[in-house]
Structure formats: C-alpha cells, structure tokens
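**Q** This structure is in structure tokens; I'll ask about it shortly.
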C-alpha cells in the first residue's frame, strides 16, 4: 500500500501540473500565453532531465533515499506554488514538481517487482506446461514443414509429457 500511495501522489501531481500549470499562471498572475506555455515546458523539461539522470543517482545511492529526496522536492514544489507571490517563483515550484515526479513511478515498479509473495514460498514449485492442444499444433506445424522440404522449427512449446497427448 505504501508503494501505491507514493506512486499515486506522484501521478496526481504530475497530471495536475501538466494540465493546470498554464491555467494557474494565467488565472492567478494574469500571465500571457508565452509565460503560461513556458511553465508547462519548464515542468516537462525538468521532469525529463531528472528522469534521464535518475538511474545514475539510484546506482550511487539507495532507491529509498532517492525516493525520499524526490518526495521532498515534490512537497517543496507544492508549497512554493501555493504560497508564491510572483510568477517566477511559481515556475520554480513547477520545476521542483517536475523533478519530484520524474522517477518515483519507475522506482515503485522496480520495488514491487523485487518483492516476493510469502504464500508462493511455502508451496512447491510447479512446472508450467503448455496445454496438449498447443503442443499438438506445434507438432503438426513441424510435420508440415518437413513435408514441404523446409527444416522444422524447434519444438520448444512441447513439453515431454504433453508430446504423448497427440
């Protein structure tokens, strides 16, 4: 649930920043279209740049440490945007939001992929076999290749126990 909460916060702030930053700048500060568009571009550029270099930071530091720094950057960005007296300060806040939301989702996916299910450890390993109908169709395909003179493809999908099912 912690992974979902962290990821959800990053995704909500990312979506809100991309969708509403230009509207926020025009409504709150009466900024022109150039400044409003620049705010969206600044958010996207800071997000893309941080995401590009994030793997080297994760390799040097722990993934949880990088995630904490990114969450702190997002929190600082939200506070700066909320209490901003000037458009330039808001743009800094949106840049921090882009930095903070850049790599939290990939970090959470990696953390979820490394987790193990405690229920699966207690059960015995089952060999996953393809259904016998799939194996039979692979054998028929192999036989048809032989009849037309081509070399038969390997029968990787047919397990030894299902070959007899044909």
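**Q** Where the second residue is outside any helix (DSSP H, G or I) and modelled with pLDDT of 85 or more and the first is within 24 Å of residue 90 (Cβ to Cβ) and lies in the stretch 1-24, which pairs have Cβ atoms under 7 Å and are six or more apart or on separate chains?
**A** Within 7 Å, the pairs are 10/101; 13/101; 14/101.
Residues are listed down the side, and each one gets a yes or a no for (1) out of contact with any helix residue (DSSP H, G or I) (no Cβ under 7 Å at 6 or more places or on another chain); (2) farther than 17 Å from residue 12 by Cβ; (3) outside the structural domain of residue 103 (by TED's automatic domain parsing); (4) modelled with pLDDT of 95 or more:
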| site | (1), (2), (3), (4) |
| --- | --- |
| 39 | no, yes, no, yes |
| 45 | yes, yes, no, yes |
| 52 | yes, yes, no, yes |
| 57 | no, yes, no, no |
| 68 | yes, yes, no, no |
| 76 | no, no, no, yes |
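**Q** Another question about this same structure. What is the residue count in the stretch 78-120 for residues that are in a helix (DSSP H, G or I) and farther than 22 Å from residue 8 by Cα?
**A** 9
**Q** Mind checking which residues of the stretch 1-18 are exposed (fewer than 11 other Cβ atoms within 10 Å of the Cβ) and part of a helix (DSSP H, G or I)?
**A** 2, 4, 5
The values are calculated or read from the model by the stated rules, or taken from the named source; none is laboratory data. The structure displayed is predicted, hence computed values, not measured ones. All Cβ positions, even for glycine, are placed from backbone atoms using ideal geometry, and neighbour counts span all protein chains on display.
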